[in-house]
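Notes follow the structure.
The values are calculated or read from the model by the stated rules, or taken from the named source; none is laboratory data. Treat the numbers as computed from the prediction; the structure is a model and nothing was measured. Using ideal geometry, Cβ is built from the backbone for each residue, glycine included, and neighbour counts are taken over all protein chains shown. Remember, those area values only see protein heavy atoms, side chains included, never the ligands or the DNA or RNA. Shrake-Rupley method; radii C 1.70, N 1.55, O 1.52, S 1.80 Å.
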Amino acid sequence: MLPPARRGRRLALPALLSLLTCSLAFALVSEDVKKEARQSKNLEKSDISKKNDIDLKEIVFVIQSQSNSFHVKKAEQLKQSILKQSTDLTQEMPTVLLLHQLAQQEGVWTILPLLPHFSVTYSRNSSWIFFCEEDTRIQIVQLLETLRRYDPSKEWFLGKALHDEESTIIHHYAFSENPTVFKYPDLAAGWALSIPLVNKLTKRLKSESLKSDFTIDLKHEIALYIWDGGDGLPLTPVPEFCTDIVGSSCATSFQSSLPLCGNPVKKEDIFVAVKTCKKFHGDRIPIVKQTWAGQAGHLEYYSDYADNSIPTVDLGIPNTDRGHCGKTFAILERFLNHSHDKIPWLVIVDDDTLISISRLRHLLSCYDTREPVFLGERYGYGLGTGGYSYVTGGGGMVFSKEAIRRLLASKCRCYSNDAPDDMVLGMCFSGLGIPVTHSPLFHQARPVDYPKDYLSHQVPVSFHKHWNIDPVKVYFTWLAPDEEDRARQQSRRGLREEL
């Protein structure tokens with residue numbers, strides 16, 4: 001005879017079998033319900049696509065181009081790619097615009113001042129304004145399918161979402177309590193505004209002027225303006241807007257290799273000027289020498305004190321706590337009048353700038369030294385009211401000799417030794433009709449100040465500041481060349497965890 005417990009267990013078997021049968025039946029029914037729900041969702045998506053069936057002619061493509069000849073060429077190539085794909089689809093041609101051709105005003109690159117033009121010109125016959133960079137790669141068929149998911153009669157702000165990992169100075173420490181909550185678009189993946197949203201933003205722009213004097217990080221500032229303190233529209237993340245190609249569903253991708261046009265510029269063709277002062281000789285200069293100085297063919301340290309052990313050059317300009325305009329213009333004069341005539345490039349950096357000279361040599365191979373080139377990370381001042389663009393100094397300022405020659409031939413100079421050198425230079429070049437050439441590979445801040453996904457598709461040329469980081473580690477993680485100088489490396493995926 002079985003013990004009571006075993007007897008109870010045997011008596012429970014029929015009930016258990018009954019329970020298992022019911023559970024199986026319920027699972028099968030549940031799976032059928034899920035399948036029907038998926039089919040319903042697919043039909044719904046199909047109906048949405050039919051309802052929102054748009055043609056290519058309803059998309060206005062805006063390539064965020066620049067007037068420098070190298071960038072014009074890249075933008076034209078992308079334009080031809082868009083038009084060729086459109087021809088293959090036997091659809092009416094879309095409108096493809098090059099940003100630098102749209103207006104002569106200084107601030108067209110900030111996009112917002114152009115929205116009234118887009119509203120007046122395209123609101124009647126278009127549904128979308130799609131923005132992309134020169135190196136964005138677009139699959140037209142996938143892009144059409146993606147945009148058809150969104151009702152073009154409604155307001156939409158679409159893009160690949162980025163967010164800050166921690167509050168950062170380049171965003172004025174916005175959303176400091178929870179930096180990840182605010183999403184803004186990765187411009188490299190492309191981003192889109194529906195025409196109803198363009199019209200709404202146009203009304204706002206006409207009724208109130210842009211509030212910020214400075215344009216620092218365009219993608220973040222556009223998202224802030226559209227969000228409007230919570231009264232506007234947040235970014236809608238679109239997984240098909242890609243930078244890395246992660247699958248056949250990607251409507252866009254991004255060419256993340258470093259530009260190379262022929263052979264890299266010889267290191268002897270680049271003169272590097274490091275701005276420093278006596279109080280930083282002992283801690284910052286050793287880091288420069290330990291990291292990137294050995295890559296430079298010509299390098300001088302400019303200070304307020306001649307130290308033969310480094311050595312430094314005393315320019316006779318007193319050190320200032322900020323600005324350094326007097327020192328920078330003295331460097332420009334010295335380069336033009338006392339350096340070797342055959343050196344076509346000058347790079348001015350701070351003593352806490354980390355830079356890859358080998359990558360810079362690749363990049364400069366794409367620029368014509370006969371042109372007046374002023375290259376670096378572009379910021380803007382007062383662009384909503386006729387201001388100017390400038391290269392922010394911390395990430396490094398690159399000048400062709402022709403740009404320096406034209407600058408010094410003009411009457412434009414510092415209004416004081418401690419004036420902000422980068423802004424004065426921007427104002428001077430703007431007055432001369434010489435535009436800033438922007439490269440996102442130069443960085444005014446540290447790697448930790450940028451989203452991981454943003455840096456993952458870059459081959460950076462520079463970073464700035466030693467604050468709360470190990471600058472030597474940052475250099476060897478992000479900027480140091482390996483034995484084959486893989487500046488054109490495939491991606492930065494393996495380095496995401498280093499941040």
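Summary of computed values
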{"quantity": "Cβ-defined net charge surrounding GLY387, 11 Å radius [Lys, Arg +1; Asp, Glu -1]", "calculated": "-2"}
{"quantity": "FRET efficiency, SER257 to ARG124 (Cβ-Cβ, R0 30 Å, nearest 0.05)", "calculated": "0.15"}
{"quantity": "Rg(Cα)/(2.2 N^0.38 Å) for the chain, N = residue count", "calculated": "1.20"}
{"quantity": "Long-range tail of P(r) for region 290-360 (Cα pairs > 18 Å, %)", "calculated": "44"}
{"quantity": "Shape call, region 319-437: gyration tensor on alpha carbons, a/c limit 1.5", "calculated": "rounded"}
{"quantity": "Residue-normalised accessible area of the chain, given per residue in Å² at a 1.4 Å probe", "calculated": "48"}
{"quantity": "Antiparallel bridges, percent of DSSP beta bridges restricted to the chain (to nearest 5)", "calculated": "50"}
{"quantity": "All-pairs Cα distance distribution in region 259-302, expressed in whole percent, bin size 10 Å", "calculated": "24, 45, 23, 8, 0"}
{"quantity": "Three-way shape call for region 64-212 based on the alpha-carbon gyration tensor, with the a/c threshold at 1.5", "calculated": "rounded"}
{"quantity": "Relative packing of 368-374, 390-396, 312-318, which averages over residues the other C-beta atoms within 10 Å, highest first", "calculated": "390-396, 368-374, 312-318"}
{"quantity": "Protein accessible area in the chain, 1.4 Å probe - carbon and sulfur %", "calculated": "51"}
{"quantity": "Per-pair calculated FRET efficiency, R0 = 35 Å: GLN104 and SER248 via Cβ, rounded to 0.05", "calculated": "0.25"}
{"quantity": "Mean separation of Cα contacts under 8 Å (6+ apart) over length of region 196-339, as relative contact order %", "calculated": "13"}
{"quantity": "Sequence of GLU402, GLU134 from largest to smallest accessible area, 1.4 Å probe", "calculated": "GLU402, GLU134"}
{"quantity": "Whole-percent pair-distance distribution, where bins are 5 Å wide, for the alpha carbons of region 57-133", "calculated": "3, 15, 25, 24, 19, 10, 3, 0"}
{"quantity": "Cα shape, region 169-267, gyration tensor, a/c 1.5 rule", "calculated": "prolate"}
{"quantity": "Helix-only [θ]222 nm of the chain, DSSP H runs n ≥ 4, -39500 (n - 2.57) each, per residue, nearest 500", "calculated": "-10500 deg cm²/dmol"}
